[in-house]
Amino acid sequence: MDDVLELVDLVADSELEGVFVWLLRLVGLVAVVAGLGLWLLTDMGILVLPLILIVVGIALLVVPSVLLSIAELFG
């Protein structure tokens with residue numbers, strides 16, 4: 001966990017934090033859309049892969065801003 005916070009602190013210190021956050025949000029949005037597409041448009045009996053894609057996508061939409069906020073509080 002310390003390594004992740006150090007990486008986030010490094011990104012927060014550089015001037016690329018906005019680009020980093022929006023890149024992760026874009027990847028999260030693509031994962032959510034892919035998960036919904038697999039769930040709604042295919043005939044999959046097992047819904048594990050779409051569920052994992054949707055959960056990871058939502059996490060990527062929320063976590064970057066939370067991690068940067070934590071890094072600013074402790075850094």
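Just so it is clear, none of the values below were taken in a lab; they were calculated from the coordinates. Everything quoted here is computed from the prediction, not taken from an experiment. Virtual Cβ from ideal backbone geometry, glycine too; neighbours counted across all protein chains shown.
Expressed as an acute angle from 0 to 90° and rounded to the nearest 10, what is the orientation of the C-alpha long axis of helix 2-13 relative to the principal long axis of the chain? It works out to around 70 degrees.
Each of VAL30, VAL48, LEU10 was scored by the projection of its Cα onto the charge dipole of the chain, and the greatest displacement toward the positive side belongs to VAL48; charges sit on the C-beta of Lys, Arg, Asp and Glu. Note on LEU41/ASP13: beta-carbon distance plugged into 1/(1 + (r/R0)^6) with R0 of 35 Å gives a FRET efficiency of 0.25. A DSSP coil position with no more than 16 other Cβ atoms inside 10 Å describes the following GluC sites (Glu not before Pro) in the chain: GLU15. Note: relative contact order over the chain, using C-alpha pairs below 8 Å and six or more positions apart, is 42 percent.
Over the residues of the chain, the helix contribution to mean residue ellipticity at 222 nm works out to -29500 deg cm²/dmol, using -39500 (n - 2.57) for each DSSP H run of at least 4.
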